[in-house]
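The values are calculated or read from the model by the stated rules, or taken from the named source; none is laboratory data. Since the model is a prediction, treat every value here as computed from it, not as a measurement. Cβ placement follows ideal geometry from the backbone for every residue including glycine, while neighbour counts extend to all protein chains displayed. The accessibility values were calculated without ligands, DNA or RNA, using every heavy atom of the protein model including side chains. Shrake-Rupley method; radii C 1.70, N 1.55, O 1.52, S 1.80 Å.
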Amino acid sequence: MSLNPEQKIQFSPMHRLQWEEAQQKDVILYPEGMVELNQSSAEILKLCDGTRNLDQLVADLEEKFATTGLKNDISGFLEVALGNGWIQQN
Amino acid sequence: MAGSNKTNITPPRWLLAELTYKCPLQCPYCSNPLDYAKHSHEISTEDWKRVLSEARKMGAVQLGFSGGEPLTRQDLPELVQHARELGYYSNLITSGYGLTEAKIIELKEAGLDHIQVSIQASTQDLNDHIAGTESFHSKQEVARLVKKHGYPMVLCVVIHRENIHQMADILAMAEKLGADYLELANTQYYGWAHTNRDLLMPTQEQYQEAEKIAQDFKEKVAGKMKIYYVVPDFHEDRPKACMNGWGTTFLTIAPDGVALPCHSARELPGLDCPNVNDHSISDIWHESKAFNFFRGTEWMQEPCKSCDEKDKDFGGCRCQAYLLTGDMYKTDPVCSKSPDKHIITEAIESARQSALTGNEKPLIFRNSKNSKAY
């Protein structure tokens, strides 16, 4: 399974992405488990709302953080996220 | 008791709410205390709400509604809704017995995140025998309804000598039911399972064969189904890192409001486990004797004390050390460095002899009548 750059990316309805005040970080929650996210991973996942494909997501993040050259890092993380079932493409 | 350094206390992340010891099933490996019938008092809805609120404020985020059978509490939807409002991820850990479609919908609307359904075997005869209650078909139907209503579905099968030969069929059943996660929980020998150990513990050969089948299956379903494999620790060289370390992560509240560092801890002597009716959760977590008892490594004896793995496995399980050696400060006998390792090898051999001779006493089922004998 690998990321299709053409298709829109959606956060999995089987998981929950949530800010944890006590930990001061975003986490992914799923049955009996939790993954703590660093800030950049959380920013990527928050944009996985089913309206963007890979290039659109990269463009939006590069604009938000006023930088360029993020594509490799973002696609690398999304591959991991897909493998873990945190995101999906229909 | 250890003079633990209180500045290093981490907040609880996992709250296990054992709502009741009532259960329509009678599984002979139940982890509830043998004498649960003595602890029949249950704290109120308002008490539970306060417990959930206080623990959440400290940082608990995973919440398990367990028991007994949590569905026997009529206030479950109200507690689920309260948990959702607080931001918990709520897990319902149920036998599935008596869970109707209407209740599944009601709980979903209240904000329940996930339902874990236990099934005892891949065949009706064995399932109903182990559960002590006719329940196989209703469990399968519940698993289907859980999926239908969009919950992640975890199927939990406790593995022991009476069902380990069904491993391939159990895996096929999980796939057919569309489980998102399959928990293959090799029996841990506490409570009722400790009492029935000679009848429940598989042989080394059975474990190896079953694990190979499960491993091959895991690769086959990668990306579709996740498999949690609870290791049979008696057959390991090192103990489990029990509870991720005492008083670091897990908080269990028993039906009568007693707060426990792990769900077996009320069997340990002299802990004076506090009750939520007498103390706040914060006081219990930070100040109580019970939660500080085995925090850190100061309490350890040799060989744990000088072991370079002590920060990895925390000396293993205190309840297991106590159950098997009578001394809760000792190294978990599962560890090959433990001077008590022979207790484990003898237990394995005793179960093996029991299996080979077929000259077995009957299983002691978990029910009120049997509980009153303890």
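Tabulated results
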| read-out | value |
| --- | --- |
| Residue-span extension gain [B:Glu302 to B:Asp169] - 0.36 nm each, minus C-alpha spacing | 43.5 nm |
| Protein accessible area in region B:198-306, 1.4 Å probe - carbon and sulfur % | 49 percent |
| Centre separation in Å (Cα based) which lies between region B:174-215 and region B:83-158 | 19 Å |
| P(r) tail fraction, the protein assembly as shown - alpha-carbon pairs more than 31 Å apart, % | 46 percent |
| Distance (nanometres) between label positions extended 7 Å along Cα→Cβ at B:Asp125 and B:Lys361 | 2.6 nm |
| Max mean-square fluctuation residue, GNM over chain B, Cα-Cα springs under 10 Å, options B:Lys226, B:Lys310, B:Lys176 | B:Lys176 |
| FRET efficiency for B:Arg238 and B:Ser53, using Cβ-Cβ distance with R0 set to 41 Å, rounded to 0.05 | 0.60 |
| Cα centroid of region B:249-294 to Cα centroid of region A:23-90, whole Å | 39 Å |
| Relative contact order for region B:238-374, counting Cα pairs under 8 Å that sit 6 or more residues apart, in percent | 21 percent |
| Accessible area that becomes buried as A packs against B, both chains, 1.4 Å probe, Å², nearest 100 | 1500 Å² |
| Label-point gap, in nm, between A:Asn4 and A:Lys46 - each point 7 angstrom along Cα→Cβ | 2.8 nm |
| Accessible solvent surface per residue of the protein assembly as shown, calculated while the other protein chains remain in place, 1.4 angstrom probe, Å² | 43 Å² |
| GNM result for chain A, Cα springs below 10 Å: residue of A:Lys71, A:Lys25, A:Lys46 fluctuating most strongly | A:Lys25 |
| Residues in region B:301-323 that a label on B:Lys337 would reach, taking backbone N under 18 Å of a point 7 Å out along Cα→Cβ | B:301-318, B:321 |
| A:Phe11 accessible area, assembled protein chains, probe 1.4 Å, Å² | 30 Å² |
| Filter on B:Lys57/B:Lys108; B:Lys38/B:Lys240; A:Lys8/B:Lys224; B:Lys139/B:Lys218; A:Lys46/B:Lys226 - keep pairs with C-alpha separation over 28 Å | B:Lys38/B:Lys240 |
| Label zone at B:Asp35 (point 7 Å along Cα-to-Cβ), backbone N below 17 Å, region B:346-374 | B:367-374 |
| Listed residues B:Asn91, B:Asn244, B:Asn32, most fluctuating in chain B (Gaussian network, C-alpha, under 10 Å) | B:Asn244 |
| Inter-site label distance for B:Val230 and B:Ser282 at 7 Å from Cα along Cβ, in nm | 3.4 nm |
| Relative frequency of Cα-Cα separations exceeding 24 Å in region B:203-298, percent | 44 percent |
| P(r) histogram, all alpha-carbon pairs of region B:1-116 included - 10 Å bins from 0, percent | 13, 42, 31, 12, 2, 0 |
| Accessible surface of region B:1-153 [probe 1.4 Å, protein heavy atoms]: carbon and sulfur percent | 51 percent |
| Reduction of at least 20 Å² in accessible surface, 1.4 Å probe, comparing all protein chains with the chain by itself, residues of region A:54-90 | A:Asn84 |
| At 0.692 mPa s and 37 °C, Stokes D of region B:104-263 from Kirkwood alpha-carbon radius, µm² per second | 190 µm²/s |
